[in-house]
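A short worksheet on the structure shown next.
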Amino acid sequence: MTEILRLPGLVDVHVHLREPGQTEKEDFSSGTRAALAGGFTTVCDMPNNAEPITTLERLEAKIALAQQKAVCDIGFHYGTVGDNLDTFAEAAKHSIGLKVYLNNTTGGYTLDPSRLKEIYAAWPRDQVVLLHTEEDTIDIAIASLEGLSRPVHVCHMPSRVVLEKIMAAKAKGLPVTCGVTPHHLFLTENDVERLGVYGMMKPPLKSQADQDFLWAHLDDIDIFESDHAPHTHADKQAGAFGVPNLETTLPLLLKARAEGKITLEQIIDKCFTNPSEIFGLPTDDSTYVDVKMEPYVLHNADLQTKCGWSPWDGEEMPGHVTRVVLHGQTVYENGTFPADLHPARVLTPFAS
Ligand code: DOR
Ligand code: ZN
């Protein structure tokens, strides 16, 4: 008999939905439909828009657009390159976390790491600061945690060296959590030749040994974060970093479960329980996802994401989302959305 799984509505605290400014890549409508189709009922959107979300006006404008167009629950991370600390207190009331880039990536909004302590002091103590670090910036990120009593989340563990340093920081009791993306768990540098520009993202894909280390230390990784980063084909050809992932994260994890690499409990912990707790996001018993464990082949043409491609095009997946119920209402069923899809709830942390 075909196995049916009922999961809580999954939470992805790391997506790039591109609106406003780059709606040719994605927008709140297509991006949140991709979320629902992939089993995610809550997403948190990153601030590296074409015009970065580093002012209250831009944050308000973005929230207003999402209120009109998003179809799953959505929160926002505020951004900084160090020149807007006076806006933090007000921005935090409307944000989930503060995202800081210590490496160059899409948008190029890199922060001088000598400013980190100041940034930590200015952002409310109970709200997460998220760091984009890589091998060359992890030491300075870890050093910034010394003596800190506020939550810091280090995004997308790419490699053994980075995860080992996070593990050591955790062992010292420093207030840090970390995440990992599907691409770092399911692709390696060996796939880059085959995928070409579609295998380019930040942090880049690493060795098989690095990936094996991530799988072997899954218990030290708090959350799965998709880093859904849609770009048009033309932008990828021109060198844009990132891959879409909202519709592939859960199928890939179910594949790993079928291979005995992860349990359903671990998937729920890292895609629901831990992200909700770490980021202070509300949960709701009447929000859930049904998954049918029936193999299917993932095709680009079936994706909801506007960018219309995936590194896993043509791959067989062991199960797919058949129904999503959000706050008691069916919002996705067998590939379709009801005509009267109700608008999203915009989330702030630790609200009841
Ligand atoms: O590959 C990436 N794409 N990494 C990032 O850090 C940003 C993201 C994007 O916004 O495209
Ligand atoms: Zn990202």
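None of the figures in this text is laboratory data; all of them are computed from the coordinates on show. Computed from a prediction, not measured in an experiment: that's the story for all the values here.
What the table below lists for this structure:
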| quantity | calculated |
| --- | --- |
| Long pairs among Lys236/Lys261; Lys25/Lys255; Lys69/Lys93; Lys165/Lys206, criterion Cα-Cα beyond 23 Å | Lys236/Lys261; Lys25/Lys255 |
| Value of relative contact order over region 229-348, rounded to a whole percent, pairs C-alpha under 8 Å and six or more apart | 25 percent |
| Whole-angstrom gap from region 140-175 to region 12-89, using each part's C-alpha centre | 26 Å |
| Normalised convex hull volume, region 1-121, alpha-carbon set, Å³ per residue | 130 Å³ |
| Percent RCO, i.e. relative contact order, over the chain, from Cα pairs under 8 Å lying at least 6 residues apart | 23 percent |
| Largest-first principal axis extents of the Cα set of region 286-352 (Å) | 41, 28, 25 |
| For region 154-242, alpha-carbon Rg over 2.2 N^0.38 Å | 1.15 |
| Rg and Dmax [Cα atoms of region 241-300; Å; Rg one decimal, Dmax integer] | 13.4, 37 |
| Partner lysines for Lys170 [C-alpha distance under 22 Å; skip if fewer than 8 residues away on the same chain] | Lys99, Lys117, Lys270 |
| Quarter of Cα convex hull surface for region 204-352, i.e. mean projection, nm² | 10.6 nm² |
| Region 61-205, Rg to Rh (Cα coordinates; Rh as Kirkwood inverse mean 1/r) | 0.99 |
| Segment Glu90-Glu51, extension gain: residue separation times 0.36 nm, minus the distance between their alpha carbons | 12.1 nm |
| For Arg323, residues with placed amide H under 5 Å, excluding near neighbours | Asp290, Asn334 |
| Volume of the Cα convex hull of the chain, divided per residue and given in Å³ | 125 Å³ |
